[in-house]
Structures are given as structure tokens and as C-alpha cells.
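K.L.:
I am attaching a structure below and will ask some questions about it afterwards.
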Amino acid sequence: MAEVGECSASNSSIQNWAKLKTKSSSVDKYEWCKITRNSDVNSITLQNRSFNAILVDETLVQKDDIAFIKCGSEIVSGPVQDGHLSYKFEILSDSIICKGLKISMDVEHAKCSICLNIWHDVVTAAPCFHNFCNGCFSEWLKRSQEKRTSVLCPQCRAVVQFVGRNHFLLNIAETILQEDSSLRRSVEEIAILDSCSLIQSNLVIGSGKKRTQKRPHSVLGQEESGVLELPCPQCGTEYAGFRCNPNTVHLQCHGCGGMMPSRFDIGIPQHCLGCDRAFCGAYWQAQRLQRSGTYATCNPETLKPISSRTVSRIPQLTHENNQHEQDITERCISQMGTTLQDVISEWIVKLNNREIDRTRMPLNHVEMITAETHMCNECYDKLVGFLLYWFRISTPKYLLPGDATERENCWYGHACRTQHHNEDHARKRNHVCRPTRSR
């Protein structure tokens, strides 16, 4: 009798191709068919990659021939059903797949060994990979730097070389708290922890010992010499009254990969508030460091206040990457006799005055963002896209281009997925609007 199995996939998980493989008695795998999602998204093609004919919906498909399959199609790995595996092809919705994903974890393993509570804003230390609350470890880090030449893990006492936020474990901690609300801390406790949290992006922690590795960002050609590694310019030279000591914790810049000392109390921004990533441009500008080829440093333009930025083009991600909507917005601004910069400046004032609902703003710490917030280029583009959405839905219809006023609103509004793969739908329906129907 033939063995029956399921060949299932989700709408989002079928990319350009998928393969069915059968394990033989040896360790080798035998690929016998290739499944491809076609450009129209709705149809699926199967190609016979085996040495024999196979059955697809009781139709014989010869070697290298193709057949169209659909949800419910039966695929047999040989020319007859007897003695061959039989598969049923199904396309599962994303929601079904998500509901089927369960993670089993002992609550005791999700507790910080410093405060003995469920992790809050969890960070992971390396190389031991023990996990702690951000606030708890930040306090431990400060005390360790004052007393020791190296930072030891609070749990196993291994020397910590690196610490960073762990977003995967953060989601697990949130799930645990949703299942058992008795494990939640009070609002006051959370506020105290958050006020102590200093780790926003990945920290590289020095051990205070000499290392003989070559300098990672230097172009001085010292590959063969065993010299003391100096991670950043201030490790070897004093700038603006500061010089790193052997215990100084360093941040790695997301933009250039270079290093800078992590300094929390000097009023110089080292992180983008929109994404929590570290950028060194503003810091080294404040230290009056002249850029050179010795160390990697960012241009100051990579992290600057929102109010100091200018914009000359509509970012590509605006209006959910819908180019038709971007074109309408651009023509609308032109018709009104103004410029993109003037529109954004006006809406930044509205943002600063808290006249805009920030719910959909695709950034971190949305309630803390003001015109003086330092932001990276990528997050600024997201902010511009967010402000242009509010500009469009606040603009009366008679100020829109004529062809835009005739379109009906899409039921799913800005959340519509069809607009991304159906050009006709993206053009004929207005997607810069709120959803009136949920999927």
C-alpha cells in the first residue's frame, strides 16, 4: 500500500521554488520534483526531476515535463501508486502556520539571575550566552567598570566580551507574561528598570589586557607586528579631554563598522532613537576628530537632528512602496505650488506639537520623538513616509490631481497586500486611506 504524506506550504513561504526530496537507504538525498510559484502568484508549476515518470492528479508526467498543480493536487513519486509515496499539495494560510508554532520553556529558565524575575528588555552576554534584564546588567556593568579590569558574567563569572539586546527572547518573555499575569512586575518596578537600562545596541567590552590581534580597522599595514589593539581613536590619543582606559566599553557603529567608546552621560547622541542602532558620526564630530584612513568613522550626516535634515525626493518606501500613490503625492505637492521640503517641515511642526496620531509610526520610542531627535538616514526616510501619509489623508479631494479623485478607496487601505503584486489594482484604487475591512 502506498504511504500518504502531506506537502504543505504557506502563501508567504513559497518563494521562487521548493523541492521534494526522498531519502534513500544511503545518506544521499534524491531530488525528484521541483515546485515553482509562478509570477501571477495564483498558479503553481511542478517539474518532474526524477528518472522515471510520476503521477500528478492521476496524469502521467514524464521526466523533465511540467504540470500545473493547485491546492489539493495529489502527487505520486512514481508512475503508479502502489509502492510509491503519495503527497497532497496544500497552501496553508499564515495564521494556521503561526497557530501551529509552539515553544515549550520552563519559566525558571526565563528568569534573570540578578533580580530572579522574568526578563525585562532582555540582553545576552557573550561568549557565555547568559541572559539578564537590561537594567540589571547595566547596573552590574557600571559597578564592574569601577572595581575591576574586566566585566564578569553575574551568573557564571566568565569574562564578558560582548553584550546586546535579544529580541527573540524578549518575545518569549512577553508570551510567558501573557500566559501568567502573576509574574508581571509593578509599573513602578518597570519604570526603575527602564531608567537604569543603558544597553541600546551591541556593546564590545574590553578585558583590560593586551591583545596581539591586528587592528581591525587600520590600514597601516601592521599585519605581522604584535601590537596592542586600539579599537578606536581615543584609545591611543586624547580628544576633547577624554581618553579610553583598558576597561572602556565600546560600541560598534552600524554605518561604518568602526568603534567608539560608549559614553552615557555626556549629552552626545550615539544611537538613533528610531532604531536603537549605534552611529559614530555625531560623536566624532563633537570630539573634533579629523577623519582619516587609520580608523573607520562615519560622516556626521549619518546621525543628525530631524530639524536639521532636508529632503528632495519622496522615499521609495512611502505609501507602502506603491509608486502610483507616490506619483500622486508628488503631483499634488506641485499643484499646490509648494515643495516637498516645505510640506515635511510643516508636518514636523505638527508632530512636535503632538497633533498627529503616532500609532502607525514605524519607529521605536515614538512618544519620545521630537524635531530635535537625532535620527539615522533610514529612519528619517520612514518618518518622511509616515508624515506624507498624514499629508495625503488630510488633503481635500479637490486639491488632488484629477485622475486621483475618481478612484474608490480600497477596502484594506494602506494595509492592502494586493497592491504589491497587482499593478492594475494598485493604480485603480486609492490605498492612502484607513482600512474599512480586515483580512
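K.L.:
So, by mean Cβ neighbours within 10 angstrom, what's the order for 239-246, 297-304, 185-192 with the highest one leading?
P.N.:
Working: 239-246: 13.2, 297-304: 20.6, 185-192: 11.5.
Packing proxy ranking, top to bottom: 297-304, 239-246, 185-192.
K.L.:
Defining a contact as two alpha carbons under 8 Å apart and six or more residues distant in sequence, what relative contact order in percent does segment 107-204 show?
P.N.:
Details: 145 pairs, mean separation 32.7, N = 98.
For segment 107-204, the relative contact order is 33 percent.
K.L.:
Oh, and also: Which whole-number value in Å² is the accessible area per residue of segment 107-204, probe 1.4 Å?
P.N.:
Details: 5280 Å² over 98 residues.
On a per-residue basis, segment 107-204 sits at 54 Å².
K.L.:
Between their Cα atoms, which of LYS350/LYS428; LYS304/LYS397; LYS34/LYS382; LYS382/LYS428 are more than 27 Å away from each other?
P.N.:
LYS350/LYS428; LYS304/LYS397; LYS34/LYS382
K.L.:
Something else: Could you tell me the calculated FRET efficiency between THR370 and LEU317, based on Cβ-Cβ distance and R0 = 22 angstrom, to the nearest 0.05? Walk me through the numbers on the way to the answer.
P.N.:
Numbers: r = 22 Å, r/R0 = 1.01.
Given R0 = 22 Å and the Cβ-Cβ separation, E is 0.50.
K.L.:
Can you figure out the FRET efficiency of ASP342 with ALA415, using R₀ = 25 Å and their beta-carbon distance, to the nearest 0.05?
P.N.:
Working: r = 29 Å, r/R0 = 1.16.
Using R0 = 25 Å, I get an efficiency of 0.30.
K.L.:
Spin-label point model (7 Å from Cα, Cβ direction): what's the HIS109 to GLU146 distance in nm?
P.N.:
Output for this residue pair reads 3.6 nm.
K.L.:
Determine the share of segment 323-399's accessible area contributed by carbon and sulfur atoms, expressed in whole percent, with a 1.4 angstrom probe. Mind showing how you got there, number by number?
P.N.:
Values: 1880 of 3850 Å².
On segment 323-399, the fraction of accessible area on carbon and sulfur atoms equals 49 percent.
K.L.:
With a 1.4 Å probe and all protein chains left in place, how much accessible area per residue does segment 308-428 have, in Å²?
P.N.:
Numbers: 6580 Å² over 121 residues.
Spelled out: the 1.4 Å probe surface of segment 308-428, per residue, equals 54 Å².
K.L.:
Going by a ≥ b ≥ c, the root eigenvalues of the Cα gyration tensor, does segment 330-439 fall in the rounded group (a/c under 1.5), the prolate group (a/b larger than b/c) or the oblate group?
P.N.:
Numbers: a/c = 2.06, a/b = 1.38, b/c = 1.50.
The shape class here is oblate.
K.L.:
With a 1.4 Å probe and all protein chains left in place, how much of the accessible area of segment 107-204 comes from carbon and sulfur atoms, in whole percent? Spell out each step's value before the answer.
P.N.:
Values: 2770 of 5280 Å².
So the carbon and sulfur contribution to the accessible surface is 52 percent.
The values are calculated or read from the model by the stated rules, or taken from the named source; none is laboratory data. The model shown is predicted, which means the values in this text are computed figures rather than measured ones. Every residue, glycine among them, receives a Cβ derived from its backbone with ideal geometry; neighbour counts consider all protein chains shown. Each accessible area value is taken on the protein alone, full model and side chains, heavy atoms only, with ligands, DNA and RNA left out. Shrake-Rupley method; radii C 1.70, N 1.55, O 1.52, S 1.80 Å.
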